[in-house]
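The values are calculated or read from the model by the stated rules, or taken from the named source; none is laboratory data. Predicted model only: the values in this text are computed from it and were never measured. When we count neighbours, we look across all protein chains shown, and the Cβ atoms used for this are built from the backbone with ideal geometry, even at glycine.
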Amino acid sequence: MIPEAPASAPLATAVEEVEELVPDDAWQVLALVAAAALAAWLVGVLIGVLVRRLARRSVVAGDLSRRGRTPLRTLLVLIAVTIVLDAGPQLGGWRDPVVRGLGLALVATVGWLVAVAVQVTADLALARYDVDVVDNRHARRVRTQIGLLRRLAIVLVAVVTVAAMLLTFPTARTAGASILASAGVISIVAGLAAQTSLANVFAGLQLAFTDAIRVDDVVVVEEEWGRIEEITLTYVVVHVWDDRRLVLPSTYFTTTPFENWTRKESAVLGSVELDVDWTVPFDDMRAELHRLLEGEELWDRRVSVLQVTDAVGSVVRVRVLVSGKDGPTLFDLRCHVREGLVGWLQREHGRGLPRVRVEELPGATGRHGPVAAPLPAGPTEGASLFTGSSEALERSRAFTGPSGAETADRDTAPGPRS
């Protein structure tokens, strides 16, 4: 009869396996790791408190504290844990993979902090250029360039961070030479495969540094009026006047003609055209235009002109030129002037509205008055196609044959008949 094993035998076996995996001094190391992580976290909190106090007098410090709080604390904790594990004794086969993972996380966190620094630096530069002014052309150009450079810098930081993480592996360092050797072929293949994307990237950089368009520029593209809302490395977003967004590739603005109403300055001219009757007094109409613009805040007091540009047929065309500080203001001003002049015509010169004149021929009478006599349905007797000379009569006989009189004379003339 086999004696039964005590119930505590499996538990004892598990404890022995854990002791083999985790030596006796490993628990002390793990406790030290936890203490170091907690201390590093507290140091990060203390640094955050100090930076927030400085942020009361510095906007940059406040932005840096808000964006960099989490990556800074994470970086301090990773550094502390890595130092403790590297300085500790051999804790089994799991320490090296953990240290390798901590090293990768450390490199990624450093890249995170660099990206935060790029963001804060870009915000600091943007804060120096205010676009809420009348002439903001230079500010909008600088903000466009800074926005594109910020995106490009973040992309470069991400690429460098990934490359640094890969170089921590010995196999990646060994393969680096062959990768660099084949970089020329790879670049050619990648260029052919991503030709359109690369063209958009270079077009975006060209737009940023040639000052062709800027953020908040007023443009007319694809027969749509709107403002440049965003410029990226590959596409441009146009905020159309009815709150739609028109997304166009960057190459569109380097290969297609378009209108930029704020290329040099935001002030623009606009026209209002009206068709009126010949009896309208234009001096009074000019006086009414000046009265409409005199106390109007939409008018920038640069241009106010009323001209007669055409006088053909039954109407006279009048064109009014006015100026505004920017495109939206000018649109509202044109609507105001158009409505005011139409109302003035209705009130003061009702007969000056466009009319169609009909002149009746005298002599005939009808239901409502004289009417013109109907034209003859065909040619009258003796009429010919060409008259006035002997040559004309010969041409008429060639086209229509002899006239009735000539035929009668020939029939009555003496002589032999067939």
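Residues satisfying the criterion are present in the stretch 318-330 (criterion: more than 30 Å from ALA212 (Cβ to Cβ) and in contact with a Phe, Trp or Tyr (Cβ under 9 Å, 6 or more places away or on another chain)). When LEU106 is tested against the conditions (1) modelled with pLDDT of 75 or more; (2) more than 28 Å from VAL162 (Cβ to Cβ); (3) surrounded by 11 or more Cβ atoms within 10 Å (Cβ to Cβ), the lone failure is (2). Select from the stretch 137-157 the residues that are over 18 Å from the mean Cα position of the chain (by Cα) and farther than 20 Å from PHE202 by Cβ and write down the one among them that is modelled with the lowest pLDDT. Among residues in the stretch 137-157 that are over 18 Å from the mean Cα position of the chain (by Cα) and farther than 20 Å from PHE202 by Cβ, the one modelled with the lowest pLDDT is HIS138.
Taking each residue of the stretch 70-83 that is surrounded by 19 or more Cβ atoms within 10 Å (Cβ to Cβ) and looking for partners that are of a type in the set (Ser, Thr, Tyr) with beta-carbon atoms closer than 7 Å, six or more apart or interchain, yields PRO71/THR109; THR74/THR109; LEU75/THR109; LEU78/THR109. Residues in the stretch 70-84 that are of a type in the set (S, T, N, Q) and either within 17 Å of ARG52 (Cβ to Cβ) or not assigned by TED's automatic domain parsing to the domain that holds ALA34 (or both): THR70 only. Considering the stretch 177-277, the qualifying helices (runs of 4 or more DSSP H), each wholly inside and each with 3 or more residues that are surrounded by fewer than 16 Cβ atoms within 10 Å (Cβ to Cβ) and either under 15 Å from the mean Cα position of the chain (by Cα) or at pLDDT below 85 (or both), run over 183-193, 195-210. Inside the stretch 87-103, residues that are part of a loop (DSSP other than H, G, I, E, B) and modelled with pLDDT of 65 or more make up a count of 1.
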